[in-house]
Amino acid sequence: MRILLALLLLLTLGHPAAARNGFVFASIDGGEIALDDFTGRPVLVVNSASLCGFTPQYEGLQALYDSYRDRGLVVLAVPSNDFRQELGSAEEVKDFCATTFDLDLPMTEITHVRGDQAHPFYQWVAETTGFVPGWNFNKVLIGTDGTVVEAWGSLTRPQARAITRAIEAQLAP
């Protein structure tokens, strides 16, 4: 029995858990956004806020999505008030992003991204990589295999070479 448990432990440690193991976000448009729906596609998950100095990064996120969506990239914005810089309701966030940035990328409802109330996706990222958003507009790239490829802080712009290079490495030629 001990040998069997040891083998199971080794198999688990040898293969990082995949992000697509049932993580579901509430969509700002109603319904749900299931990461399982993006199997085989890279997903850039970005915690965002409407009243932050980094909010203009929405333009870069939309441009990134426009550039790579036909090749499979998903850019998922996750509005959060964990840093007290988000509007008061999901409807306000949706209106702000549509009118100010003309966003059409997928977006969740206002979601916790850190601490005890963090969404299970962010808990998983913290547990598997140690990465916890330190501010708004932190970016986590989930690879086509469902594991974390890399994470970047707020100062890294969405179209930075480090991000585009990592995305391109995940896309089919």
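The values are calculated or read from the model by the stated rules, or taken from the named source; none is laboratory data. These numbers come from a predicted model, not from an experiment. Reconstructed Cβ throughout: ideal geometry from the backbone, glycine too, with neighbour counts over all protein chains shown.
Restricting the stretch 29-49 to residues that are closer than 22 Å to residue 63 by Cα and small (Gly, Ala, Ser), the residue that is modelled with the lowest pLDDT is 40.
Scanning the stretch 70-102 for residues that are of a type outside the set (A, V, I, L, M), closer than 26 Å to residue 37 by Cα and touching a strand residue (DSSP E or B) at 6+ places or on another chain (Cβ under 9 Å) yields 79, 80, 94, 97. Does residue 77 count as at pLDDT 95 or above and touching a Leu at 6+ places or on another chain (Cβ under 7 Å)? Against the criterion (at pLDDT 95 or above and touching a Leu at 6+ places or on another chain (Cβ under 7 Å)), residue 77 qualifies.
Going through 105, 171, 141 one at a time, which residue ends up being of a type outside the set (D, E, K, R) and free of Cβ contacts under 8 Å to residues at least 60 places away in the same chain?
On inspection, the qualifying residue turns out to be 105.
The set of residues in the stretch 78-103 being at negative phi and surrounded by fewer than 14 Cβ atoms within 10 Å (Cβ to Cβ) consists of 88, 89, 91, 95, 98, 99, 100. Residues of the stretch 104-140 that are hydrophobic (A, V, I, L, M, F, W, C), crowded, with 21+ Cβ neighbours inside 10 Å and under 20 Å from residue 160 (Cβ atoms): 125, 137, 140.
Each row is one residue, and each column tells you yes or no for (1) modelled with pLDDT of 95 or more; (2) in contact with a Leu (Cβ under 9 Å, 6 or more places away or on another chain); (3) within 19 Å of residue 138 (Cα to Cα).
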| position | (1), (2), (3) |
| --- | --- |
| 56 | yes, no, yes |
| 68 | yes, yes, no |
| 101 | yes, yes, yes |
| 106 | yes, yes, yes |
| 111 | yes, no, yes |
| 114 | yes, no, yes |
| 123 | yes, no, yes |
